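What follows is a set of notes on a single structure, which appears directly below.
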């Protein structure tokens, strides 16, 4: 793997600072669960916790989050300061999950076909079309009306459409639609932003999907995105080999920021991958990785980059290894 420089987009919520009382409570928990705590440490914590209602509330919240995340499982024991940082990231992550929900309810209750984290699946639809689902994907299927319609609730699909001049084939996602014009194409949904990559013929994209609303035709070999903040982007040339590698069980990165690489790998291994340094998030990575062995990427990163990786239940934290980076 090689390194370079590239911005990784907006900073993650996990970088937000904690309030001082919560930070102090976490520092106590790090000490008490370090394996080196003495009875006096527990007594001192109890004294601190009961000294004021605000401290008791901060301690209770920190203890609940700590229990929900489980014990840290790391290949080596980091210093107490780094453990405090890991705990802070864990609390912020848990708060974000509680705020936004652990999953999209629509995808669980209205999907006709879905894949779990790390799973890929291929389905032949009743009309003969071929549907491939990437990891963590949920799709609703309605082929019985005047048009054949899929609804992508989350994740990514590739569709090879069976021709039928009498009934259009449409993929709906996040308020927009992608209509096949005798084609094969990918649709990926990340929240309210949808990416479309066309490998054969063309598609017509409409966003928002309203009568008389804006549309764009995307030809084979091109891609576009649509969403509330970008409208429909002008179609541009797509790297079909790289963008379609997921169908072969591969992820291909060419000088992409580590933050982007980590976010993509998290889709295949579950949980979150947090990079605790802005410069490290922007550091580019080049490589080809097997999606069926997602943890191998973490091992490769730790070997090739000056980083330390700490693995907790549902959370991986990547931090700079100052000792190695100074060599």
Of all residues in the stretch 304-321 being over 15 Å from residue 283 (Cα atoms) and either over 23 Å from the mean Cα position of the chain (by Cα) or assigned to a loop (DSSP other than H, G, I, E, B) (or both), which is modelled with the lowest pLDDT? 313
Answer residue from the stretch 288-308, given it is in contact (Cβ under 8 Å) with a residue 60 or more places away in the chain and within 18 Å of residue 267 (Cα to Cα) and is surrounded by the fewest Cβ atoms within 10 Å (Cβ to Cβ) among those: 292
Helices (runs of 4 or more DSSP H) completely within the stretch 37-134 that count 3 or more residues being modelled with pLDDT of 75 or more: 39-49, 53-69
Looking at the stretch 210-251 only, could you name the residues that are modelled with pLDDT under 95, over 18 Å from residue 190 (Cβ atoms) and crowded, with 16+ Cβ neighbours inside 10 Å? 240
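Yes/no matrix, rows are residues, columns are (1) closer than 23 Å to residue 236 by Cβ; (2) surrounded by 16 or more Cβ atoms within 10 Å (Cβ to Cβ); (3) in contact with a strand residue (DSSP E or B) (Cβ under 6 Å, 6 or more places away or on another chain); (4) free of Cβ contacts under 8 Å to residues at least 40 places away in the same chain:
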| position | (1), (2), (3), (4) |
| --- | --- |
| 146 | no, no, no, yes |
| 149 | no, yes, yes, yes |
| 159 | yes, yes, yes, yes |
| 165 | no, no, no, yes |
| 177 | yes, yes, yes, yes |
| 183 | yes, yes, yes, yes |
| 189 | yes, yes, yes, yes |
| 192 | yes, no, yes, yes |
| 198 | yes, yes, yes, no |
Give me the pairs: first residue in the stretch 37-51 and within 20 Å of residue 21 (Cβ to Cβ), second residue part of a helix (DSSP H, G or I) and modelled with pLDDT of 85 or more, beta-carbon distance under 7 Å, and six or more apart or on different chains, which are they? 48/55; 49/55; 49/56; 50/56
Right, residue 285: at pLDDT below 90, buried (at least 21 other Cβ atoms within 10 Å of the Cβ), under 16 Å from the mean Cα position of the chain (by Cα) and on the phi < 0 side of the Ramachandran plot or not? no
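The values are calculated or read from the model by the stated rules, or taken from the named source; none is laboratory data. Everything quoted here is computed from the prediction, not taken from an experiment. With ideal geometry, Cβ positions are generated from the backbone for all residues, glycine too; neighbour counts draw on all protein chains shown.
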